[in-house]
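Just below is one structure, and these are the notes that go with it.
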Amino acid sequence: MIEHEKTIEVSSPCVRNCCLNAEDICFGCFRHINEILAWKNYKTDEKKFVVNSCIQRRASAEKKNYQGKS
């Protein structure tokens, strides 16, 4: 198999703390409900995109929480 043909498995960001906010974003993993439901059908690149989106959402939420505490 050629190196670029190898498939890298992307782990689900689920932390088993499922609870959705008003925008249908999970408080545990920061995925949108549609991303959670579609996860098993996503290709590797799509999963990587979702994981990166989760990281950005978490950082944004932490920043908002930090700014809200004075």
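In percent, rounded to a whole number, the relative contact order of the chain is 24, using alpha-carbon pairs under 8 Å and six or more apart. Principal-axis analysis of the Cα atoms of the chain puts helix 44-68 at an angle of about 10° to the longest axis. Heavy-atom accessible area with a 1.4 Å probe sorts Phe30, Phe49, largest first, into Phe49, Phe30. Compared with the rule-of-thumb size 2.2 N^0.38 Å for a compact globular protein, the chain has a Cα radius of gyration ratio of 1.32.
Basic side chains Lys and Arg get +1 at the Cβ, acidic Asp and Glu get -1 at the Cβ, and with that the dipole of the chain about its Cα centre reaches some 320 debye.
Distance between the 7 Å Cα→Cβ label points at Glu62 and Lys48: 2.3 nm. Calculated mean residue ellipticity, 222 nm, the chain: -14500 deg cm²/dmol, from DSSP H runs (n ≥ 4) at -39500 (n - 2.57) each, averaged per residue and rounded to 500.
The values are calculated or read from the model by the stated rules, or taken from the named source; none is laboratory data. Keep in mind that this is a model prediction, so the values were computed, not measured. All Cβ positions, even for glycine, are placed from backbone atoms using ideal geometry, and neighbour counts span all protein chains on display. When the accessible area is computed, the model is the full protein with side chains, heavy atoms only, and any ligands, DNA or RNA have been set aside. Shrake-Rupley method; radii C 1.70, N 1.55, O 1.52, S 1.80 Å.
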